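Student: Please find one structure pasted underneath; my questions will follow.
The values are calculated or read from the model by the stated rules, or taken from the named source; none is laboratory data. Predicted model, so just to flag it, every value in this text is computed and none were measured. So basically every Cβ, Gly included, is an ideal-geometry build from the backbone, and we count neighbours across all protein chains shown.
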Amino acid sequence: MSFDSLGLSAELLRAISDQGYTEPTPIQRKAIPVILEGKDVMAGAQTGTGKTAGFTLPLLQRLSEKPAPKGRRPLRTLVLTPTRELAAQVAESIETYGRHLPLRSAVVFGGVKINPQIDKLRRGVDILVATPGRLLDHANQKTVDLSQVEILVLDEADRMLDMGFIHDIRKVLAMLPSNASRQNLLFSATFSSDIKQLANRLLNNPELIEVAQRNTTAERIEQVVYPVDKGRKRELLSHLIGEQNWRQVLVFTRTKHGANRLAQQLEKDGLTAAAIHGNKSQGARTRALAGFKNGDVRVLVATDIAARGLDIDQLPHVVNFELPNVPEDYVHRIGRTGRAGNEGEAISLVCIDEHKLLRDIERLLKRKIPSVVLDGYEPDPSIKAEPIQNGRNGKGGGRSSQPRKRATGGNRGKPSGNSNAPKATRKPARRKPAGAQAKPQSHRSRAGGGQEKAALLGGGYRGK
Ligand code: AMP
């Protein structure tokens, strides 16, 4: 199926072909015609499925079909995103796909100066992409007028709720025209009861669009668990990166402090590394991301919130240095890899403290993740599980609504809590020549990964 049959205008088709896209992804096939009809949409789709174009293309078309009134342009479309990075990426997509249309867009988020944003808003924009906090700053200063918004998009709504933005979202909604007079589009990777509640309030008779089974897209990505003692994780990570010659690896830690410390330790091991998290200035985050994208930074260490929405093409390796407290975050994390039909692998370094977290993740995925004990890195059976230190004070992390997960003593002393999982023993990785494609039975060669991903993304889906 080509883009031509979706009802998009010649200008948009031209922008799509400029990008080299030949076929719409499943979410695009389903969402574009429905949004063009003017219907409300509740869509279950993760980052990496092409969802941004799925809502951007039809909203650009709807706006261009009804040109802005003469004089100062009213703001007609508002896209809310949870993070600055996602806001920047959505804004970039709007620019890219709207390049042949006479529409104006802007993006506003915190952590950068507000005055240039005010100047841009003053000149008039049709579409605004915003994070909730900075949008409210503008609204309070009366530098943005939301009273004529015709299309509202909540992107990654689940993450916005996780980050505690519900009050800000309510305030924004109160400034918009009534639900009935606008089109509302809600995108979310997961459908918790909170999301359903928000959707009930926000959406009118929505079309429900789902492209992957709820909460289970992780099945499509090659995954492996390496059981290892907590104190040896860094050593194992450096070793894997060097020995397998990974050039671009995204590593997740649970805390900001942990991200900083790991990035510093990896630098000491001779790897170029940078940390990205909410305490970093926007400039530092942008630099770290740019360095990672252009290959100057080999390892990007990130917390969940900072990494949300990062669109890094063809990211081959994601490592969970620590498992997330919230199982859904595992799905989000590993969604960073193997994007746009490319192969990818997700590796989790799991110590005894994290066995409960691993079980929670496997329950959510409804499957066991293959567990591989690497020779030379076998967990010490005398080490007992300890409660997980989150390094959070209930604020800062923005996730205080989530219950803390703690490792219980249920697996005390066992080398692996995942005893039913398929196991393999490998030759000591450290004895391989550096840069060799290591393992006799590489998990890259396990059946299915690439094809499964292609199936998820649709036959003709390909990366840029
Ligand atoms: P998203 O899920 O919106 O973050 O998109 C993930 C990636 O897929 C982005 O790098 C897009 O540029 C790319 N993409 C979006 N639509 C298509 C398509 N139809 N064909 C190939 N790549 C696409």
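Student: Would you mind stating whether Ser147 is surrounded by fewer than 17 Cβ atoms within 10 Å (Cβ to Cβ), in contact (Cβ under 8 Å) with a residue 12 or more places away in the chain and out of contact with any strand residue (DSSP E or B) (no Cβ under 6 Å at 6 or more places or on another chain)? Don't jump to the end; show me each part of the working.
Tutor: Numbers: surrounded by fewer than 17 Cβ atoms within 10 Å (Cβ to Cβ): yes; in contact (Cβ under 8 Å) with a residue 12 or more places away in the chain: yes; out of contact with any strand residue (DSSP E or B) (no Cβ under 6 Å at 6 or more places or on another chain): yes.
So Ser147 passes the test.
Student: Within the stretch 275-303, how many residues turn out to be under 13 Å from Leu86 (Cα atoms) and either of a type in the set (A, V, I, L, M) or within 17 Å of the chain's Cα centre (by Cα) (or both)? Full working, then the answer.
Tutor: So the first thing to find is which residues in the stretch 275-303 are under 13 Å from Leu86 (Cα atoms), and the list is 282, 285-286, 289.
So of that shortlist, the ones also either of a type in the set (A, V, I, L, M) or within 17 Å of the chain's Cα centre (by Cα) (or both) come out as 285-286, 289.
The total comes to 3.
Student: Can you tell which of Val319, Val372, Val350 is aliphatic (A, V, I, L, M) and not assigned by TED's automatic domain parsing to the domain that holds Leu236?
Tutor: On the way: Val319 fails: not assigned by TED's automatic domain parsing to the domain that holds Leu236; Val350 fails: not assigned by TED's automatic domain parsing to the domain that holds Leu236.
Residue meeting the stated conditions: Val372.
Student: Next question, about the same structure. Examine the stretch 25-39 for a residue that is free of Cβ contacts under 8 Å to residues at least 24 places away in the same chain and either surrounded by 18 or more Cβ atoms within 10 Å (Cβ to Cβ) or part of a loop (DSSP other than H, G, I, E, B) (or both), and state whether such a residue exists. It would help to see each step written out before you state the result.
Tutor: Quick first cut of the stretch 25-39, residues free of Cβ contacts under 8 Å to residues at least 24 places away in the same chain only: 37.
With either surrounded by 18 or more Cβ atoms within 10 Å (Cβ to Cβ) or part of a loop (DSSP other than H, G, I, E, B) (or both) added as a condition, the list becomes 37.
Yes; the residues of the stretch 25-39 include at least one that is free of Cβ contacts under 8 Å to residues at least 24 places away in the same chain and either surrounded by 18 or more Cβ atoms within 10 Å (Cβ to Cβ) or part of a loop (DSSP other than H, G, I, E, B) (or both).
Student: Return the residues of the stretch 257-310 that are within 16 Å of the ligand (Cβ to nearest atom) and among the charged types (D, E, K, R); say none if nothing qualifies.
Tutor: Lys293, Arg308
Student: OK, next. Only helices (runs of 4 or more DSSP H) wholly contained in the stretch 201-297 count here; list those with 2 or more residues that are at pLDDT 95 or above and farther than 18 Å from Leu315 by Cβ. Reasoning before the result, please.
Tutor: Values: elements: 233-243, 256-268, 282-294.
It comes to 233-243, 256-268.
Student: Looking at the structure I just gave you, is Glu156 surrounded by 14 or more Cβ atoms within 10 Å (Cβ to Cβ), assigned by TED's automatic domain parsing to the domain that holds Leu63 and at positive phi? I'd like the intermediate steps shown before the answer.
Tutor: On the way: surrounded by 14 or more Cβ atoms within 10 Å (Cβ to Cβ): yes; assigned by TED's automatic domain parsing to the domain that holds Leu63: yes; at positive phi: yes.
Yes.
Student: Here is a further query. With respect to Ala43, is the statement that it is away from the ligand (no atom under 16 Å from the Cβ), hydrophobic (A, V, I, L, M, F, W, C) and under 26 Å from Leu136 (Cβ atoms) true?
Tutor: no
Student: Could you tell me which numbered condition Arg170 fails, if it satisfies all but one of (1) of a type outside the set (Phe, Trp, Tyr); (2) crowded, with 18+ Cβ neighbours inside 10 Å; (3) not in a loop (DSSP other than H, G, I, E, B); (4) not assigned by TED's automatic domain parsing to the domain that holds Val350?
Tutor: (2)
Student: Going by what's in this entry, would Val107 be described as among the β-branched types (Val, Ile, Thr), away from the ligand (no atom under 14 Å from the Cβ), assigned to a strand (DSSP E or B) and surrounded by 21 or more Cβ atoms within 10 Å (Cβ to Cβ)?
Tutor: Working: among the β-branched types (Val, Ile, Thr): yes; away from the ligand (no atom under 14 Å from the Cβ): yes; assigned to a strand (DSSP E or B): yes; surrounded by 21 or more Cβ atoms within 10 Å (Cβ to Cβ): yes.
Here the answer is yes, as Val107 does meet what is asked.
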